[in-house]
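S.K.: Encoded as structure tokens, here's the structure I'll be asking about.
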Amino acid sequence: MAGIGGSNYWEDLRKQARQLENELDLKLVSFSKLCTSYSSSRDGRRGDTSDTTPLLNNSTQDRMFDTMSVEIEQLLAKLTLVNDKMAEYTNTPGTASLNAALMHTLQRHRDILQDYTHEFHKTKGNFLAIREREDLLGSVRKDIESYKSGSGVNNRRTEMFLKEHEHLRNIAMATKENMTSQRGFLKSIQGRVNTLANRFPTINNLIQRINLRKRRDSLILGTVIGVCTILLLLYALH
């Protein structure tokens, strides 16, 4: 396989890879255009409210999306298989002298496969997101139309209920905000009280020390005065 036949085999694999890559490139371009045009075409279908409007799952673009998704997935699977065969060839005996060039070529095809796979999943995800959003908007519009098509009395009652609900909701929100504010104020007061309570023992201890020192000074002064008085009396008697 590493001789002439092997070289032909490698070139055949490269030819298959390039052909699949070209097909994928064209498919992905069409797939991207389908995703881009999907929203605008759905806008055009919204105006048609007749019973003959086809369901979303049976629409032309949805069928095209499903068909093209399968085709692209098949092409990616084929290209993956070709890349795997190319990788096997680079490991066969006799290709050591060409291995660097072969590996470079293989890596380039692998990068292309990875890019196409990433682009496919990204485009597919965008398409599904748009379709989900359109389904949701269609459901909302249907509910609105159903609401508008009801009797005037029911509409007025519904409107009154909605206003009352909104009014009660505003009251509840205001009450919640007021309670939150009061809770914060009470926490602030409690913190200050705790701070003062923590400071009181220090102040009390300081006052007690001052009082003790005053009493001690008074006792010392009284003792000195007493001693001096006794000495004066003794001096006067002599």
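The values are calculated or read from the model by the stated rules, or taken from the named source; none is laboratory data. Everything numeric here is computed off the predicted structure, so don't read it as measured data. Cβ: placed from backbone, ideal geometry, glycine included. Neighbour counts: every protein chain shown. We work out accessible area using only protein heavy atoms, side chains counted, and drop any ligands, DNA or RNA first. Shrake-Rupley method; radii C 1.70, N 1.55, O 1.52, S 1.80 Å.
S.K.: List pairs: first residue in region 118-131 and in contact (Cβ under 8 Å) with a residue 60 or more places away in the chain and open to solvent by 70 Å² or more (accessible area, probe 1.4 Å), second residue assigned to a helix (DSSP H, G or I) and of a type outside the set (Gly, Ala, Ser) anywhere in the structure, Cβ distance under 6 angstrom, at least six positions apart or on different chains.
M.R.: Pairs found: Glu119/Leu28; Asn126/Cys35.
S.K.: Right, here's the next one. Please work out which residue is surrounded by the fewest Cβ atoms within 10 Å (Cβ to Cβ), limiting yourself to region 81-102 and to residues that are under 40 Å from the mean Cα position of the chain (by Cα) and more than 12 Å from Glu21 (Cβ to Cβ).
M.R.: The residue in question is Asp84.
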